[in-house]
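J.: Please see the structure below; I have some questions.
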Amino acid sequence: MNNFFLNQDPLLNQQTYDNPTPIMFQQMPNAKDCIGELDRTLKGLSPAVLAKLSENTMFNRLNSSFQTIVQQELLSLVRNKLNLNSDVVNNVNEQLRIIDEIKKNVESEKEESLNEMNDYMKNYSHLTFDEYKKIKNGKPLKEPRKEKPKNYEKRRN
């Protein structure tokens, strides 16, 4: 078994590290582990306190921001390795294809909507937009109401 990387080279009689310190804290000895402190604090809370905490909008906003930063940092650490993984590359390429397809559909719908509005304004401005949509969908317009004959009231009696 090769222990050269984690515990140093045993043939050089170097000190072994059974519990290595994270690299970040090796490089910055004065750094405080505030994330660990937060994690320990959250793990020690009762369900009632956690429920109240989840209702706090400021905490939720800060937590969401923190999670976004963590995701970005993790991605930056593993980006090169992920780019070498064929499953990841295929997944990302498929996502990009879907994004392009949806983008084209939205642009097409927007263009169609603008063309429809131009047609309405040029050719059917005497109608309401609802009437225009009915005509375009092939539905007949209701006949406009005819005025009541002058002697209508007399006939009913």
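Each reported figure results from applying straightforward, stated rules to the coordinates on display, with no laboratory input. Keep in mind that what you see is a predicted model, and the values were worked out from it rather than measured. Glycine also receives a Cβ, built like all others from the backbone with ideal geometry; neighbour counts cover every protein chain displayed.
J.: Cα-Cα over 29 Å: which of K52/K103; K104/K134; K110/K139; K122/K142; K104/K136?
T.: K52/K103
J.: Note down the net charge around N93, summing +1 for each Lys or Arg and -1 for each Asp or Glu among other residues with Cβ under 14 Å from its Cβ.
T.: -3
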